[in-house]
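Just below is one structure, and these are the notes that go with it.
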Amino acid sequence: MPLRLPRRTLIAAAAVAGVLHGIPAAAADAVLNLYSARHYQTDEALYSDFTKRTGIRINRIEAGDEALLERLRSEGRNTPADVLLLVDAARLWRAQIDGMFQPVRSKTLEARIPAHLRGKDDGQGAEWFAFSTRARVIVYNKATIKPEQIRNYEDLASTSLKGRVCTRSGTHPYMLSLIGAMSEHLGEAKTEAWARGVVANFARTPRGGDTDQIKAVATGECGVALTNTYYLVRMMRSDAAADKDAVSRIGMIWPNQETWGTHVNVSGGGVMRNAPNREAAVKFLEYLASDSAQAYLADGNNEWPVVASAPTSNPVLNSLGKFKADTLPVGSVGRAQVTAAKIIDRAGWR
Ligand code: FE2
């Protein structure tokens, strides 16, 4: 029967063994404990490339954002996590508020990542960084909707779209971030009135993820819907006949090009407050901002790099063209989820 020791005992035993065998500090440090909520298979190459370049092995714990945050809360100060990667500004801000990150102060990160894509706690100075961006766009059924009907997010509340609008649940962070951003631009009262208008236009009760919204637009069950760009591009790159057929039936709109720009969300992360391998953690974040890692993010998961000069080769993503992106700081987007949650609750956008 295999010997079963509690995990902590094993770690302690390994540490002692390391000391006894005279393993130098650098080797003992050559590991990174990464908690990641990125849910994209294409990230494998991203991680193996980091190990190849630095010799730092990555222990990866992958789970959904909520499950990871829950695990970190229960592990408390003793968590082995060095770096936490999350998708969505609302969740990253929540992690910041929960005191999970520490200040990083990296010249590389400051130079390469634009200020509005970095989050910072005013009190502790804890920092987090966006490493890729995705836009939340409107897709429409080409047979039933004229694109002129929907130039802006505000138009989703227009009475001309009665019974035609589909969204995922308003409680999902992708929606909270968008609605929060709108409340930053329009104010809470106007955003709530808009949310009520959208709910009144629903074609069906919110359900499914972004890909389900795109498919329902293609079949005509919905006239218009919201999706993150990477789900759309993933479908555009698919060889499956059903996906090709769906893509042929839909069009895409960059909302709010004449006003504040299309809402942009991020994936990102920070160094954990009690990171056991702090140096490796900072190296990893700096690696994520490197040209090659930025290209992995853009080409693999169809996101945009945060480093403007990073070269990418994703023709399908590039075929979406240039657009005016909202430059609201990610910290403000994250914080605005509190207002957004109140709005969706009052508007019945479940
Ligand atoms: Fe996603």
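The values are calculated or read from the model by the stated rules, or taken from the named source; none is laboratory data. All values reported here derive from a predicted model rather than from experimental measurement. Please note: Cβ atoms are built from the backbone with ideal geometry, for glycine as well, and neighbour counts cover all protein chains shown. Accessible surface areas use protein heavy atoms only, side chains included; no ligands, DNA or RNA. Shrake-Rupley method; radii C 1.70, N 1.55, O 1.52, S 1.80 Å.
Quick rundown of the values:
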read-out	value
Residues of region 219-237 that turn out to be hydroxyl-bearing (Ser, Thr, Tyr), within 16 Å of the ligand (Cβ to nearest atom) and not in a strand (DSSP E or B), as a count	3
Flag if ALA281 is free of Cβ contacts under 8 Å to residues at least 40 places away in the same chain and either more than 22 Å from the chain's Cα centre (by Cα) or not in a strand (DSSP E or B) (or both)	no
Every residue from region 199-248 that is open to solvent by 30 Å² or more (accessible area, probe 1.4 Å) and of a type in the set (Phe, Trp, Tyr)	PHE202
Failed item, numbered, when ARG134 is tested on (1) touching a strand residue (DSSP E or B) at 6+ places or on another chain (Cβ under 8 Å); (2) in a helix (DSSP H, G or I)	(2)
Test: residue in region 163-172 that is in a helix (DSSP H, G or I), more than 19 Å from ALA37 (Cβ to Cβ) and either within 16 Å of the ligand (Cβ to nearest atom) or modelled with pLDDT of 95 or more (or both)	no
Residue match in region 137-153 (condition: under 30 Å from TYR287 (Cα atoms) and in contact with a Lys or Arg (Cβ under 7 Å, 6 or more places away or on another chain))	no
Region 89-115: number of residues that are touching a Leu at 6+ places or on another chain (Cβ under 8 Å) and surrounded by 14 or more Cβ atoms within 10 Å (Cβ to Cβ)	10
Complete set of residues in region 284-300 that are open to solvent by 10 Å² or more (accessible area, probe 1.4 Å) and not in a helix (DSSP H, G or I)	SER290
Exclusive hit being modelled with pLDDT of 95 or more, away from the ligand (no atom under 16 Å from the Cβ) and surrounded by fewer than 18 Cβ atoms within 10 Å (Cβ to Cβ), set GLU192, GLU188	GLU188
All positions within region 301-350 that are part of a loop (DSSP other than H, G, I, E, B) and closer than 25 Å to GLN41 by Cβ	ASN302, GLU303, VAL306, VAL307, ALA310, PRO311, THR312, SER313, ASN314, SER319, LEU320
Checking GLY251 against (1) assigned by TED's automatic domain parsing to the domain that holds GLU148; (2) within 16 Å of the ligand (Cβ to nearest atom); (3) surrounded by fewer than 19 Cβ atoms within 10 Å (Cβ to Cβ); (4) not in a loop (DSSP other than H, G, I, E, B), the condition it does not meet	(2)
Close pairs (6 angstrom Cβ cut-off, 6 or more residues apart or separate chains): assigned by TED's automatic domain parsing to the domain that holds CYS166 and among the aliphatic types (A, V, I, L, M) in region 191-204, surrounded by fewer than 19 Cβ atoms within 10 Å (Cβ to Cβ) and not in a helix (DSSP H, G or I) anywhere	VAL199/GLY348; ALA203/GLY163
